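Read the structure below first, then the notes.
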Amino acid sequence: EAGTRGGHAAASYIARQLEPFGLLPAGDADKFTQSFGSDCRNILALRRGNDPQLRDEYIVVGAHYDHVGYGSKRTSYGTIGKIHNGADDNASGTSVLLDTMEAFASAGLTTRRTILFAFWDCEERGMVGSRHWIAHPTVPIDRVKLAITLDMVGRLRDGKLFVLGTRSGFGLRRCADGAVAGADQ
């Protein structure tokens, strides 16, 4: 849960994973962390784009790393007071984000725009971490051109993967359709 010993351990683990990827800190005071609230922290890292005209534009790719901990009446479908493991919500999104960062680093992939990789904290309490970042952005918010959220990517059922929000930006639906068509080959 956000702000707990377990939440701090998760944040420390994620921050250590960033070191070998050649990423730049994008949090407060040249750190990977952006602190807020009652001992919560977002973890933010940049992969600079290589196009001189587009590298000052940003694509945000994020996932929340907090979970409900021991649960409450609002967050629990099971026994309150027992640990609610967060493998699906949202260790799955956090893992995909880490794997994506590793893939970029190991393959030497480049992008025209800069990518801000964001691990949000305190999302299970009402998207507090991402809302904090919006109110206190660490890159110019008007330069963010696309935001992608990875949440509960372990929800593959009946051989189907659901991608939501593809109609929120020009070309996103076609992009998702193309990725699916390419996966069939």
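The values are calculated or read from the model by the stated rules, or taken from the named source; none is laboratory data. Computed from a predicted structure; not experimentally measured. When we count neighbours, we look across all protein chains shown, and the Cβ atoms used for this are built from the backbone with ideal geometry, even at glycine. Note: accessible area is taken over every heavy atom of the protein model, side chains too, but ligands, DNA and RNA are not part of it. Shrake-Rupley method; radii C 1.70, N 1.55, O 1.52, S 1.80 Å.
Take the conditions of a type in the set (D, E, K, R), within 21 Å of MET152 (Cβ to Cβ) and in contact (Cβ under 8 Å) with a residue 40 or more places away in the chain and apply them to ASP89. Does it pass?
yes
Return a yes/no flag: does region 85-98 have any residue that is closer than 13 Å to LEU23 by Cα, of a type outside the set (D, E, K, R), in a helix (DSSP H, G or I) and open to solvent by less than 50 Å² (accessible area, probe 1.4 Å).
Scanning region 85-98 turns up at least one residue that is closer than 13 Å to LEU23 by Cα, of a type outside the set (D, E, K, R), in a helix (DSSP H, G or I) and open to solvent by less than 50 Å² (accessible area, probe 1.4 Å).
Going by what's in this entry, would PHE170 be described as surrounded by fewer than 19 Cβ atoms within 10 Å (Cβ to Cβ) and either modelled with pLDDT under 90 or within 21 Å of TYR13 (Cβ to Cβ) (or both)?
yes
Within region 24-41, which residues are among the hydrophobic types (A, V, I, L, M, F, W, C) and touching a helix residue (DSSP H, G or I) at 6+ places or on another chain (Cβ under 7 Å)?
PHE32, PHE36, CYS40
Read through the list (1) in contact (Cβ under 8 Å) with a residue 60 or more places away in the chain; (2) touching a Leu at 6+ places or on another chain (Cβ under 8 Å), then give the number of the only condition that ASP51 fails.
(2)
Which count do you get for residues in region 100-123 that are of a type in the set (D, E, K, R) and farther than 28 Å from ASP39 by Cβ?
So the count comes out to 3.
Whether any residue in region 90-105 is within 19 Å of GLU123 (Cβ to Cβ) and at pLDDT below 70 is what I want to check.
No, that holds for no residue.
Out of region 106-123, which residues are in a helix (DSSP H, G or I) and open to solvent by less than 40 Å² (accessible area, probe 1.4 Å)?
Within region 106-123, just GLU123 meets the criteria.
Hey, can you tell me all the residues within region 135-152 that are acidic (Asp, Glu) and either exposed (fewer than 12 other Cβ atoms within 10 Å of the Cβ) or touching a His at 6+ places or on another chain (Cβ under 6 Å) (or both)?
ASP142
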